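A short worksheet on the structure shown next.
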Amino acid sequence: MAQDVAVYYDPLFLGHDTLSHIESLSRVQGCLQLLEDAAIASRVEWPACRDATDAELARIHSARYIAAVRRIGNQGPVMVTPDTIANRGTYSAAVRAAGACLSATEAVVRGDFAGAFCLVRPPGHHAVAEHVMGFCFFNSVAVAAAHARAALSLDRVAIVDFDIHHGNGTQDAFYSDPSVLYVSTHQYPYYPGSGLWREAGEGAGLGATLNLSLPGGCGDVEYGLVFDDVILPKLRAFRPELILVSAGYDAHHADPIDGAQMRLSCTGYASLVQRLREAALELCDGRLVLVLEGGYDPAALPWSVRNSIEVLLGGPVTLDPVGPAPESPAPDITGLIESVKQLHGL
């Protein structure tokens, strides 16, 4: 089994200039700087990224939508939706972000790397077949999962999404597809309003969507509990040949995104990635690809990314300066866990 870990990054991601928007180029710049300062950059491989082709994007998005993003992303700054800005360079960044995830997936499936982290932007998990949504243009993780099925001959792909927001676009893409397991932990109720625990797929895909619609206030303990009691058993039952992770770090207690109430720490995030790494080693020869989604605090995001890459490298994880969440009463999620377990036969 390969031992090297790869980080996929391209300067084109900085070309998606969102001006003063919270989803800004400084997000990846801060991560890159910390990886350099900590000498982690020299411990990983930095493969070249490529663009996703129209045919690859079209497994998730319509041809009309792809053409629309190309047009929008070659204009000056424009608010595409009330919360999402495009600029010159947006299309180039978005198509390269999707391509980076495709490259990472291909390399990990081939066995070139023990794991990969895609340090990409713009994020993707809200993008649906024909609409920009929630800072997202192309759904990179969904495109990668569809590519793994169609081009890499995998029968079962799992996507685990621990962003604070439900990945509605990813769920929509695979809601009736039994070959792609979509699992999401997210604050509920919250943007975009989807992802109630009862949403479990439809038709042939019934049971291949698992939502943990968590109340605000959940932290390291609660997230660890739902991973151990629900997500890991579901992964073992599904037996994926590849695990993709929508790695959103906006459930960190310091994240400034409006309405965020979650209380994860950087080391808490690392413990979730460690669980997924162990599951990948157990179930699919270690095939694990993390893809950056949300995360907006200038200290917590780089440290969460650093800690996640340290996990991929085999540890140890460096204690972060942001620290744990301030003490606060934790919500009782035992009823939710039991309901989800019953729904999914766990």
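Taken together, the values in this text are just the output of simple stated rules run on the coordinates, not laboratory data. Everything numeric here is computed off the predicted structure, so don't read it as measured data. Using ideal geometry, Cβ is built from the backbone for each residue, glycine included, and neighbour counts are taken over all protein chains shown.
List Lys341, Lys234 from most exposed to least, where exposure is judged by having the fewest other Cβ atoms within 10 Å. Could the numbers behind the result be given before it?
Values: Lys341 14, Lys234 20.
Fewest to most other Cβ atoms nearby, the residues stand as Lys341, Lys234.
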Original post:
Amide H neighbours of Leu181 under 5 Å, counting only residues 5+ apart in sequence or on other chains, H built in-plane at 1.01 Å?
Top reply: Val157, Ala158, Ile159
Subject >> Most fluctuating residue given options Asp37, Asp177, Asp155, as computed from a GNM of the chain linking Cα atoms under 10 Å >> reply: Asp37
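Using per-residue counts of other Cβ atoms within 10 Å, averaged over each peptide, order 257-264, 323-330 from highest down. Can you show the working numbers first?
On the way: 257-264: 19.6, 323-330: 11.5.
By packing density, highest mean first, the sequence is 257-264, 323-330.
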Subject >> the range 9-344 - charge dipole about Cα centre, Lys and Arg +1 at Cβ, Asp and Glu -1, debye rounded to 20 >> reply: 740
Original post:
What does the highest-first list of 182-190, 108-116 look like by mean Cβ count within 10 Å?
Top reply: 182-190, 108-116
Original post:
Which whole-Hz couplings ³J(HN,Hα) result when phi for each residue of the range 320-335 is put into the Karplus expression 6.51 cos²θ - 1.76 cosθ + 1.60, θ = phi - 60°, listed in order with x for Gly and Pro?
Top reply: 8, x, 6, x, x, 5, x, 4, 6, x, 8, x, 8, 10, 5, x
Original post:
With the Cα gyration tensor of the range 9-344 giving a ≥ b ≥ c as the square roots of its eigenvalues, does the rule (a/c under 1.5 for rounded; else a/b larger than b/c for prolate; else oblate) give rounded, prolate or oblate?
Top reply: rounded
Subject >> Charge dipole (debye, nearest 20) of the range 35-119; +1 at Cβ of Lys and Arg, -1 at Cβ of Asp and Glu >> reply: 380
Original post:
So how do 81-94, 64-77 stack up, highest first, on mean other-Cβ count within 10 Å?
Top reply: 81-94, 64-77
**OP:** Sort His165, His147 so the one with the fewest other Cβ atoms within 10 Å of its own Cβ comes first.
**Re:** His147, His165
